[in-house]
1. If I filter the range 110-121 down to residues being part of a strand (DSSP E or B) and either at pLDDT below 95 or out of contact with any Gly (no Cβ under 8 Å at 6 or more places or on another chain) (or both), which single residue comes out as surrounded by the most Cβ atoms within 10 Å (Cβ to Cβ)?
2. Helices (runs of 4 or more DSSP H) wholly in the range 171-242 with at least 2 residues that are within 22 Å of V152 (Cα to Cα), at pLDDT 95 or above and assigned by TED's automatic domain parsing to the domain that holds G80 - which ones?
3. I need a count of the residues in the range 224-270 that are among the hydrophobic types (A, V, I, L, M, F, W, C) and within 16 Å of the chain's Cα centre (by Cα).
4. Filter the range 185-201 for residues that are of a type in the set (A, V, I, L, M, F, W, C) and in contact (Cβ under 8 Å) with a residue 40 or more places away in the chain; which is farthest from M130 (Cα to Cα)?
5. Would you call A212 closer than 20 Å to D120 by Cα and either free of Cβ contacts under 8 Å to residues at least 12 places away in the same chain or crowded, with 24+ Cβ neighbours inside 10 Å (or both)?
6. Here is a check on your reading of the model: is G98 closer than 18 Å to D201 by Cβ and assigned by TED's automatic domain parsing to the domain that holds G35?
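The values are calculated or read from the model by the stated rules, or taken from the named source; none is laboratory data. All of these numbers come straight from a predicted model, not from anything done at the bench. All Cβ positions, glycine included, derive from the backbone under ideal geometry; neighbour counts span all protein chains shown.
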Amino acid sequence: MPNELDLPNLLRSRLTMVATLAALQAGEVLKKGFGTEMRFENKEGRHNIVTEWDKKVEETIIKTIKTHFPEHAFLAEESGESGTQKEGVLWVIDPIDGTVNFAHKIPMFSVSIAAAFQGDILAGVVYNPMTDELFIAEKGMGTFLNGEKLKVTETAVIDSAIAATGFPYNVHENPLSCLDHFNTFAKMEIPIRRIGSAALDLAYLAAGRFDAFWEASLRPWDYAAGKLLIEEAGGTFTNFEGSPYTSLEEGPVIASNGLLHEQMSKRINTKSEK
């Protein structure tokens, strides 16, 4: 069976370039929509909303990618699975990660686009059009923010860390003890940030703005690009048990600079067992 090493470097570069182009075009659409009156409807879960802009942006992204790769497949938040994997490449797309922020005129949201080959993420882009910050990663080539190479922090003690988190839409049910985890870290008196866009949280970790991140449940379009950003910047991305994700599936996430990973996992799993 072929693997990612069979793909020419040129193809990986093309995937990265097309992901970047699609993200920038999506950003232009979002700039036009931001702050306007919009319609939105609720999906499953309280405050899990979708606007007409989510759909417009997703269509823009898929159309752009299909222009360059008509035989590729897609997994997108709003339209689900489409296309065929004749060439083994799957594009994982979140048109607006942080729709609640976008709909309430809070300029903290992002476009997240990743290209995977047999579950292995080869290219990832996260773009916040309101700050014009473009995070790009290509497997084996590093992570960059607007052309500047990124590296995770060297914070080695969790008491000195700054962390980020998010909550599932069924937080009232306390799935995987998510409220207990927050309580555990809050009692440590470390700074905790809740931006409202997991893709941005992961990008910020790759950029050294955060030291660690955890969340009880993320879907592939939430984390695919961010996972590569972190790993290419020298960080670690696993489930709560510390096992790496070998396929694109929904699940709990711990991400860190690597040095803090065992400390994060220990505290989360100790609390989960109680």
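1. The initial filter retains those residues of the range 110-121 that are part of a strand (DSSP E or B), namely 110-117, 120-121.
From the residues that got through so far, the ones that are either at pLDDT below 95 or out of contact with any Gly (no Cβ under 8 Å at 6 or more places or on another chain) (or both) too are 116-117, 120-121.
Working: A116: 25, F117: 22, D120: 16, I121: 28.
Restricting to residues being part of a strand (DSSP E or B) and either at pLDDT below 95 or out of contact with any Gly (no Cβ under 8 Å at 6 or more places or on another chain) (or both), the top hit is I121.
2. Details: elements: 178-187, 198-206, 220-232.
Per the criteria, no element qualifies.
3. Taking the range 224-270 as the starting set, the residues that turn out to be among the hydrophobic types (A, V, I, L, M, F, W, C) are 224-225, 228-230, 233, 237, 240, 248, 253-255, 259-260, 264, 268.
Applying the additional criterion that residues be within 16 Å of the chain's Cα centre (by Cα) yields 224-225, 228-230, 233, 237, 248, 253-255.
Matching residues across the range 224-270 total 11.
4. Quick first cut of the range 185-201, residues of a type in the set (A, V, I, L, M, F, W, C) only: 185-186, 188, 190, 192, 195, 198-200.
When the remaining residues are screened for being in contact (Cβ under 8 Å) with a residue 40 or more places away in the chain, the result is 185, 195, 198-200.
Numbers: F185: 30, I195: 14, A198: 16, A199: 15, L200: 12 Å.
Only one residue fits best here, namely F185.
5. Values: closer than 20 Å to D120 by Cα: no; either free of Cβ contacts under 8 Å to residues at least 12 places away in the same chain or crowded, with 24+ Cβ neighbours inside 10 Å (or both): yes.
No; evaluated as a whole, the condition is false for this residue.
6. Numbers: closer than 18 Å to D201 by Cβ: yes; assigned by TED's automatic domain parsing to the domain that holds G35: yes.
Criteria met by G98.
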